[in-house]
Amino acid sequence: MAQKENRERRDQDRRRQVDRKLNRTILYRTVLLMVLCGILIFIPLFYTLWTIQVRDHEFYQNRAIQQQTRDNAVAANRGKILDANGNVLASSGTVYDVIISPGDFRTLQENWDKSFTDKDTGAVLTEKRGYYPRPEADTVAAALAEILNADYEKIRAYFDKNSKYELAASRMEREVAQKVWELISEMHLSNSVYTNPTTKRYYSYGSLAAQVIGWFNPNLGEGAYGLEAMYEEELAGQVGRVVTAKKGDGTEMRYSFQDYYDATDGETITLTIDTSIQYYCERILEKGIEMFEVQDGGFAIAMDPKTGKILAWANSPTYDLNTPWTVSDPVLSQYLETVQATLNEKGELTEEEKTAAYNTALSQMQNRQWRNRTINDSYEPGSTFKSIVLAAALEEGVISEANTFYCSGSYTLEGAEKSIGCSKRTGHGSQTLTQAVQNSCNPAFIMIGQALGAEKFYDYLEDFGFLNKTGIDMQGEGRSIIWPRSEFTAPSTKQNAYLATASFGQRLQVTPIQLITAASAVVNGGHLMEPYVVDSITDADGNIIQQNEPTEVRQVISEETSARCRAILEKVVDGGTGKRAFVPGYRIGGKTGSSETVYTGEDPIATRGDNYTIVSFLSFAPADDPQVVLLLAFNAPKPSSPGSTSTAGGYYISGGNMAGRLSGELMEDILEYMGIEKVYTEDQRAFIDVTVPNVLNQTAQIGTEAIKGAGFTVRTVGEGDTVTGQIPAGGAVIPSGSQVVIYLGEEKPTGLVSVPSLWGKTAAQAQEILSKSGLYLRVDGSSRYLSSSATVASQSVLSGTQVERGTVIECQFTDNTMVD
């Protein structure tokens with residue numbers, strides 16, 4: 001019995017142990033499952049929290065800021081561009097973008113419905129305090145379209161979009177913005193229609209110095225071309241911000257916090273360019289292009305040879321900086337009209353294809369007018385390059401003023417089958433060095449180049465800066481196209497030809513800025529200066545942060561050689577091929593140039609195989625102490641017929657007859673503006689224009705003495721003691737030595753006379769014809785070197801016009817003497 005009880009007790013103990021073990025196992029499993037489930041549940045939660053709080057903290061922070069605040073940019077005023085005298089060339093003013101927020105507009109309508117509509121009946125509570133008519137998209141769009149002068153349908157479509165920002169109009173003037181503000185107030189459109197202040201670029205002088213300044217592209221928000229692009233960082237400034245709090249419905253919280261971060265205006269750039277000199281250069285370009293029927297524009301650069309400062313830089317074709325996409329140049333416009341007419345005739349093309357083709361042509365013409373070709377492109381300088389060869393040969397001592405050169409009209413190189421011709425086919429005969437330069441004689445300069453030798457010649461190409469960029473502070477400076485030294489100096493028939501043609505500026509290409517920089521070194525004492533356009537940069541407070549100073553690259557020739565070059569080149573204008581640039585009272589030196597190029601490229605205006613002549617003139621003054629160097633060129637004057645050497649107006653196509661003629665006029669304007677007085681020699685006084693003194697009511701003796709004292713001859717009519725009339729009237733400008741008629745006690749004739757036709761007449765013939773009608777001749781330009789064969793090409797007053805006696809008729813003369 002006792003044993004049985006013990007067994008039962010042991011069995012119970014075993015069962016309790018098993019139960020406890022099972023309970024523990026269940027507990028452990030339960031705890032384990034709870035832990036595993038907890039981990040599985042909380043890991044994603046923790047991961048999500050980590051993602052929000054740590055990994056994507058910045059993203060969610062920005063979203064919160066966007067939901068809670070309105071952040072508006074405040075545009076910085078772009079820095080000004082000034083000329084050398086402080087005249088504003090480019091500036092920025094505040095204008096306004098008009099913004100529509102469709103999302104906020106719908107919220108505005110919902111809020112109106114809550115405020116002014118009965119919840120139960122839907123009736124409009126017009127009597128409720130603060131009531132105003134419900135803003136409707138149709139009404140608002142119509143009002144905005146009228147104010148903005150915009151298309152209603154386009155404005156209306158903005159209100160149906162699911163967005164917070166639609167640009168309804170950009171860069172509106174304040175007068176327009178004021179009307180928008182009044183509309184916002186009247187219709188209670190706060191936040192749904194608003195304006196953002198921004199800036200607009202204004203160019204005070206329109207097209208003046210367009211390729212130098214460049215323009216601001218509002219679509220990209222940065223400068224395009226020229227200084228606007230190159231100095232983008234300096235001009236742009238830093239954008240400011242206005243941050244305000246807004247409610248959950250997107251409307252602005254009144255009287256809440258507002259943070260304003262000031263915009264930093266851009267820096268001001270002051271140029272070396274003088275607007276007056278720039279105007280003279282652009283005016284003379286325009287005059288020459290019309291006078292010589294120039295087909296591909298031209299350029300004029302004025303530089304201070306002592307410092308490298310660019311005083312003026314004119315290009316044609318050009319454009320108005322305020323409307324840079326508009327093509328206004330007559331040649332380019334005519335091309336586009338031709339393209340349009342041609343496309344209209346092509347019935348096989350779809351309208352989309354025609355539009356695409358026209359837009360391609362338009363883009364080509366726009367790029368053509370925007371480019372600054374005087375720095376981007378190279379060209380054959382022609383005989384203007386002879387000034388460089390002259391300087392190198394004099395410096396090396398291989399020639400002197402005592403040398404003579406014989407020209408038979410051509411020169412044949414050793415081993416060559418064909419000879420190289422001179423502009424004077426019959427030859428210049430025996431010439432001194434000065435005469436050879438005056439005559440721009442190619443054979444003489446071939447001899448000079450051979451005396452210098454290929455190695456030395458190439459050394460001076462390098463020394464004068466033709467193998468490298470000038471370093472001017474402008475974007476897009478191109479390079480010259482010149483033979484490699486190894487090819488140019490290798491003994492061969494080709495090398496002889498390279499040296500020969502290079503000696504008179506052919507078969508090598510340089511940029512205009514390289515040429516005028518090198519020419520300045522020839523006449524300024526031999527110093528090659530680095531050209532520059534930017535004088536200084538100042539911050540918004542007027543502090544100078546950058547001041548550019550003249551930089552000498554190297555001394556190329558001696559002061560003595562430079563003085564000898566100036567003396568010889570002065571003779572080019574005083575009786576040589578540059579005689580049409582002669583201005584009595586001013587000592588001007590220079591060198592003519594003509595180079596012919598056969599077109600082989602993809603220029604859409606030119607015709608493949610056409611010959612294009614670039615006529616140019618390089619000048620400096622005063623010759624004894626140069627203050628300015630000019631390079632004036634016209635590209636492709638139009639011949640009267642294929643193969644002709646003259647234009648339809650009768651002008652012989654050459655540098656001396658065209659660019660030289662107008663360079664004198666341009667140089668005179670610049671020197672007078674710079675305050676450089678004319679100093680006349682005795683023999684020059686006969687060729688100057690003089691103002692006729694007013695001697696009315698003077699005694700006969702005083703009047704006669706005054707007229708004679710001014711350099712005129714006098715003819716009297718009548719026997720009175722007092723001057724009662726005079727022809728021409730006081731203040732008229734006529735050539736010195738002309739006859740002035742004074743009337744003593746008699747009335748001068750009051751009847752009108754008819755202006756005769758002078759076209760094709762010589763100066764002597766024109767003078768005789770005009771004097772018979774009581775009219776006066778004034779020669780446009782200097783008459784000192786007007787040859788007996790020169791004839792009238794145009795007159796200032798058309799034939800048949802009725803004018804008073806004493807009227808001055810100004811005539812342009814053309815002389816087809818073959819000069820370079």
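The values are calculated or read from the model by the stated rules, or taken from the named source; none is laboratory data. Note that the structure is a prediction, hence the values are computed from the model and not measured. Note: ideal-geometry Cβ built from the backbone for every residue, glycine included; neighbour counts use all protein chains shown. Note: accessible area is taken over every heavy atom of the protein model, side chains too, but ligands, DNA and RNA are not part of it. Shrake-Rupley method; radii C 1.70, N 1.55, O 1.52, S 1.80 Å.
Being of a type in the set (Ser, Thr, Tyr), touching a helix residue (DSSP H, G or I) at 6+ places or on another chain (Cβ under 8 Å) and closer than 18 Å to Gln698 by Cα is the filter here; which residues of the range 717-772 pass it? Selection gives Thr722 alone. Report whether or not Val753 is within 28 Å of Asp683 (Cα to Cα) and either modelled with pLDDT under 95 or open to solvent by 20 Å² or more (accessible area, probe 1.4 Å) (or both). It is false that Val753 is within 28 Å of Asp683 (Cα to Cα) and either modelled with pLDDT under 95 or open to solvent by 20 Å² or more (accessible area, probe 1.4 Å) (or both). From the list Ile516, Ile472, the one residue that fits, being assigned to a helix (DSSP H, G or I) and either β-branched (Val, Ile, Thr) or more than 21 Å from Arg554 (Cβ to Cβ) (or both), is Ile516. Scanning the range 156-174 for residues that are open to solvent by less than 40 Å² (accessible area, probe 1.4 Å) and in a helix (DSSP H, G or I) yields one hit, Tyr158. Considering only residues in the range 264-320 that are part of a loop (DSSP other than H, G, I, E, B) and among the aromatic types (Phe, Trp, Tyr), the one that is farthest from the chain's Cα centre (by Cα) turns out to be Phe292. Taken together, Glu559, Glu552, Glu462 contain a single residue that is without any contact (Cβ under 8 Å) to a residue 40 or more places away in the chain and in contact with a His (Cβ under 7 Å, 6 or more places away or on another chain), which is Glu552. If you take the residues in the range 458-469 that are in a helix (DSSP H, G or I) and charged (D, E, K, R), which one is most open to solvent (accessible area, probe 1.4 Å)? So, considering only residues that are in a helix (DSSP H, G or I) and charged (D, E, K, R), the one most open to solvent (accessible area, probe 1.4 Å) is Glu462.
Out of the strands (runs of 3 or more DSSP E) lying entirely within the range 658-744, which hold 3 or more residues that are modelled with pLDDT of 90 or more? Give the derivation first.
Numbers: elements: 689-691, 713-717, 723-727, 733-735, 739-744.
In the range 658-744, 713-717, 723-727, 739-744 are the strands (runs of 3 or more DSSP E) which contain 3 or more residues that are modelled with pLDDT of 90 or more.
Could you check the range 333-347 and list, in sequence order, the residues that are open to solvent by less than 50 Å² (accessible area, probe 1.4 Å) and in a loop (DSSP other than H, G, I, E, B)? Correct list: empty. Remark: pairs (first residue in the range 311-325, closer than 14 Å to Leu630 by Cα and at pLDDT 95 or above; second residue open to solvent by 20 Å² or more (accessible area, probe 1.4 Å) and among the acidic types (Asp, Glu); Cβ separation under 7 Å; 6+ apart in sequence or on different chains) = Leu311/Asp304; Ala314/Glu282.
Every residue, every condition in (1) crowded, with 21+ Cβ neighbours inside 10 Å; (2) without any contact (Cβ under 8 Å) to a residue 12 or more places away in the chain; (3) in contact with a His (Cβ under 9 Å, 6 or more places away or on another chain); (4) outside any loop (DSSP other than H, G, I, E, B), yes or no:
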site: Val331; (1), (2), (3), (4): no, no, no, yes
site: Leu349; (1), (2), (3), (4): no, yes, no, no
site: Ala357; (1), (2), (3), (4): no, no, no, yes
site: Ser363; (1), (2), (3), (4): no, yes, no, yes
site: Thr374; (1), (2), (3), (4): yes, no, no, yes
site: Ala391; (1), (2), (3), (4): yes, no, no, yes
site: Leu394; (1), (2), (3), (4): yes, no, no, yes
site: Ser400; (1), (2), (3), (4): no, no, no, no
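Among the residues of the range 180-213, those that are of a type outside the set (Ser, Thr, Tyr), over 16 Å from Thr139 (Cβ atoms), in contact (Cβ under 8 Å) with a residue 60 or more places away in the chain and not in a strand (DSSP E or B) comprise Asn191, Gly206, Leu208, Ala209, Ala210, Gln211, Val212, Ile213. When Lys571 is tested against the conditions (1) at pLDDT 95 or above; (2) under 26 Å from Lys309 (Cα atoms), the lone failure is (2). When the range 148-162 is filtered for residues that are over 11 Å from Pro102 (Cβ atoms) and among the aliphatic types (A, V, I, L, M), the ones remaining, listed by number, are Leu148, Ala150, Ile155.
Please specify each residue of the range 404-452 satisfying the condition of being under 19 Å from Lys494 (Cα atoms), of a type outside the set (A, V, I, L, M) and open to solvent by less than 10 Å² (accessible area, probe 1.4 Å). Full working, then the answer.
Pass one, the range 404-452, residues under 19 Å from Lys494 (Cα atoms): 410-421, 442-443, 445-452.
Cutting the leftovers down to of a type outside the set (A, V, I, L, M) gives us 410-412, 414-415, 417-419, 421, 442-443, 445, 449-450.
Those that are under 19 Å from Lys494 (Cα atoms), of a type outside the set (A, V, I, L, M) and open to solvent by less than 10 Å² (accessible area, probe 1.4 Å): Pro443, Phe445, Gly449.
Pairing residues of the range 789-801 that are at positive phi with residues that are open to solvent by less than 50 Å² (accessible area, probe 1.4 Å), at Cβ distances under 7 Å and at least 6 apart in sequence or on separate chains, gives Gly800/Val755. The listed residues are Arg254, Arg201, Arg241, Arg283, and the only one of them that is of a type outside the set (Asp, Glu), at pLDDT 95 or above and out of contact with any Cys (no Cβ under 6 Å at 6 or more places or on another chain) turns out to be Arg283. Across the range 530-546, the number of residues qualifying as closer than 13 Å to Lys309 by Cα and open to solvent by 20 Å² or more (accessible area, probe 1.4 Å) comes to 2. Against the condition open to solvent by 90 Å² or more (accessible area, probe 1.4 Å) and acidic (Asp, Glu), how does Glu136 come out, does it pass? No; evaluated as a whole, the condition is false for this residue.
Taken as a whole, the structure leaves Ser783 outside the set of residues that are open to solvent by 30 Å² or more (accessible area, probe 1.4 Å), modelled with pLDDT of 90 or more and either of a type in the set (Gly, Ala, Ser) or not in a strand (DSSP E or B) (or both).
Exactly one residue out of Asn442, Asn468 is closer than 30 Å to Glu549 by Cβ and either in contact with a strand residue (DSSP E or B) (Cβ under 6 Å, 6 or more places away or on another chain) or not small (Gly, Ala, Ser) (or both), and it is Asn468.
Which condition from (1) surrounded by 10 or more Cβ atoms within 10 Å (Cβ to Cβ); (2) at pLDDT below 65; (3) of a type outside the set (Lys, Arg); (4) more than 30 Å from Ile269 (Cβ to Cβ) is the one that Trp50 breaks? Here Trp50 clears every test but (2). For the range 68-116, filtering for residues that are open to solvent by 30 Å² or more (accessible area, probe 1.4 Å), at pLDDT below 90 and of a type in the set (Val, Ile, Thr) leaves 1.
Within the range 278-306, restricting attention to residues that are in contact with a strand residue (DSSP E or B) (Cβ under 8 Å, 6 or more places away or on another chain) and charged (D, E, K, R), the residue that is most open to solvent (accessible area, probe 1.4 Å) is Glu286. For the range 214-228, the tally of residues that are outside any loop (DSSP other than H, G, I, E, B) and surrounded by 23 or more Cβ atoms within 10 Å (Cβ to Cβ) stands at 6.
Checked against (1) in contact with a Phe, Trp or Tyr (Cβ under 6 Å, 6 or more places away or on another chain); (2) open to solvent by 40 Å² or more (accessible area, probe 1.4 Å); (3) in a helix (DSSP H, G or I); (4) of a type outside the set (S, T, N, Q), Ala177 passes all but a single condition, namely (2).
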